[in-house]
Amino acid sequence: MDWERALRSQRAHKLEPRLGRRLARLVFQQAGDYQEADFIPKPLVHELERKAPILSVAAVKTSRSKDKTVKVLLELADGARVESVLMRPSSRRWTACVSTQTGCPVGCPFCATGALGSGRGLTSEEISDQVLYWRRFLRREAPGEHLSNAVFMGMGEPFLNYEGLSGGLRTLLDQRLFGMGPSKISVSTAGLVPKMERFAEEFPGVNLAVSLHAADDALRDRLVPLNRTYPLSALAQVIKDFYTDEGRKVFLEYVVLPGVNDSEKDARELAAFVKSISVKLLQVNLLRRNPGGDAEEARRFQRRLKAEKLICTVRESLGLDIEAACGQLAAS
Ligand code: SF4
């Protein structure tokens, strides 16, 4: 939804600002349609439908998991496709997992999006429209339930599409539009250090998730090839220098790959890395590899970390049966 375009039509029809605000609430927060806006003139309703359609993305295929996760394949205006996911990590919380690119050039070997290679960056509108899509979906399929959180952990490396990401985030954070709080949003990165600095300054309070996967440079060079440009020391420094503001969480994500990054030595190195950063709201999340992994692999590494006095959580893999879990998105 391009609200600027909608505003131009509103101005041309001399709509009172208070009615424009009411319309924004209806569209973004109540996930309603223009036709429900009986407080604005009908000719404006028709013009908005033509000139500022509510969604810039169209659902092609929907898959539903037995754990309530839903995945949608979305087609964009130029025919490109991305996947987007709705998750229910707890009974009181619905979260949208948002994609920012149609592929990804970073090439992490365990990631289906990485196997697609480079894709184009999504526009700000295509990014925030994924959240709007899920709000409208919930209104239709689970009336009374509300989408409260968004994580930028779908297809693509968000910081390689900084312009689209930042525009989409501003729309989500705008209290007149989506009205989300910064603490309800997390952006994940493989470690694009210069953009991490910029993001920290431009979006205070928005959480950061770093795809770490190894705390040894030689191993991380293989698992997250971006590490060859921005090694662990640079990653630790930017977190220490820029991510210390009150209330902002920093997550370190670690996919457990048996025989690759889950030895006692790996546990020691990860514990030392975390200690070297010592940011207050830092949390380590272990993820199982998808597909084929099991939670016990992650729990075994969790015990190794506990022996190193590092407390961490094992994140549940939601949507495995519909290929919607971490590392599985590929727009197919
Ligand atoms: S894990 Fe993230 S950064 Fe790595 S290839 Fe996949 S989408 Fe790209």
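Readers should treat all values here as calculations from the given coordinates under stated rules, not as data from a laboratory. The structure displayed is predicted, hence computed values, not measured ones. A quick note on method: Cβ atoms are made from the backbone with ideal geometry, for glycine too, and the neighbour counts reach across all protein chains shown.
Which percent, nearest 5, of DSSP beta bridges in region 58-208 are antiparallel? It would help to have the intermediate numbers written out before the result.
On the way: 17 of 26 bridges.
Within region 58-208, antiparallel bridges account for around 65 percent of the total.
Here the chain is treated with +1 on each Lys and Arg Cβ and -1 on each Asp and Glu Cβ, and its dipole about the Cα centre works out to around 800 debye. Residues whose amide H lies under 5 Å from that of Ala331, counting only those 5 or more places away or on a different chain, are Glu83; hydrogens are built 1.01 Å from N in the peptide plane. Straight-line cross-link partners of Lys71 among the aspartates and glutamates, defined as a Cα under 13 Å from its Cα and at least 8 positions apart when in the same chain: Glu83, Asp321, Glu323.
With the simple model of a label 7 Å out from the Cα in the direction of the Cβ, Ser118 to Ala142 spans 3.9 nm. Less than 17 Å from a label point 7 Å out along the Cα-to-Cβ axis of Lys68: which backbone N atoms in region 124-138 qualify, by residue? 134-138, by backbone N distance to the label point. One decimal place: the segment Arg18-Asp221 gains 67.7 nm when fully extended, by the rule 0.36 nm per residue minus the C-alpha distance.
Placing unit charges on each Cβ (+1 for Lys and Arg, -1 for Asp and Glu) gives the chain a dipole about its Cα centre, and among His213, Gly119, Leu320 the Cα reaching farthest toward its positive end belongs to Leu320. Of all lysines in the structure, those lying under 27 Å Cα to Cα from Lys66, and not within fewer than 8 positions of it along the same chain, are Lys184.
Calculate how steeply helix 193-202 sits against the longest principal axis of the alpha-carbon atoms of the chain, using the helix alpha-carbon long axis, and give the answer as 0 to 90 degrees to the nearest 10. The helix 193-202 is inclined about 50 degrees to the chain. For the chain, the antiparallel share of DSSP beta bridges with both residues in that region comes to about 40%. Taking the chain as a whole, the Cys residues whose C-beta sits 4.7 Å or farther from every other Cys C-beta are Cys97, Cys104, Cys312, Cys326.
Roughly how many debye, to the nearest 20, is the charge dipole of region 69-194 about its Cα centre, given +1 on each Lys and Arg Cβ, -1 on each Asp and Glu Cβ, and no other charges? Present the calculation step by step, with values, prior to reporting the outcome.
Values: 13 positive and 11 negative charges, 110 e Å.
In total the dipole reaches around 520 debye.
Taking a point 7 Å out from the Cα of Thr229 in the direction of its Cβ, the residues of region 179-217 whose backbone N falls within less than 13 Å of it are 190-196. Taking the centroid of alpha carbons for each part, region 228-294 and region 85-128 are 20 Å apart. Highest GNM mean-square fluctuation among Arg120, Arg222, Arg11, for the chain modelled with Cα contacts below 10 Å: Arg11. Taking 7 Å steps out from each Cα toward its Cβ at Ser183 and Arg11 produces label points 3.7 nm apart.
Would you calculate a helix-derived [θ] at 222 nm for the chain, using -39,500 (n - 2.57) for each DSSP H run of n ≥ 4 and dividing by the full residue count, to the nearest 500?
Numbers: 11 runs with 118 residues, N = 332.
About -10500 deg cm²/dmol.
What whole number of Å gives the distance from the Cα centroid of region 307-332 to the Cα centroid of region 9-53? Value for the Cα centre distance between the two parts: 40 Å.
The long axis of helix 162-173 is offset from the longest Cα principal axis of the chain by roughly 60 degrees. Backbone geometry of region 291-308 corresponds, through the Karplus equation with coefficients 6.51, -1.76 and 1.60 at θ = phi - 60°, to 3J(HN,Hα) couplings of x, x, x, 9, 4, 5, 4, 5, 5, 4, 5, 4, 5, 4, 5, 4, 4, 9 Hz, x marking Gly and Pro. Paramagnetic label reach from Phe39 (point 7 Å along Cα→Cβ; backbone nitrogen cut-off under 18 Å): within region 1-16, residues 7, 10-11, 13-16. Using C-alpha pairs below 8 Å separated by at least 6 residues, the relative contact order for region 181-331 is 20 percent. Its relative contact order, with pairs defined as Cα atoms under 8 Å and 6+ residues apart, puts the chain at 16 percent.
Rounded to the nearest 10 degrees, the angle from helix 3-12 to the longest Cα principal axis of the chain is 20 degrees.
This ranking places Glu246, Glu75, Glu141 by how few other beta-carbon atoms lie within 10 Å of each, fewest first, which gives Glu246, Glu141, Glu75. Taking θ as phi - 60° and the Karplus parameters 6.51, -1.76 and 1.60, the scalar couplings of region 220-235 work out to 5, 4, 7, 7, 10, x, 4, 4, 5, 8, 10, x, 4, 4, 5, 5 Hz in sequence order, x denoting glycine and proline.
Note on Lys14: lysines with a C-alpha under 21 Å away, same-chain residues under 8 apart excluded, are Lys42, Lys51.
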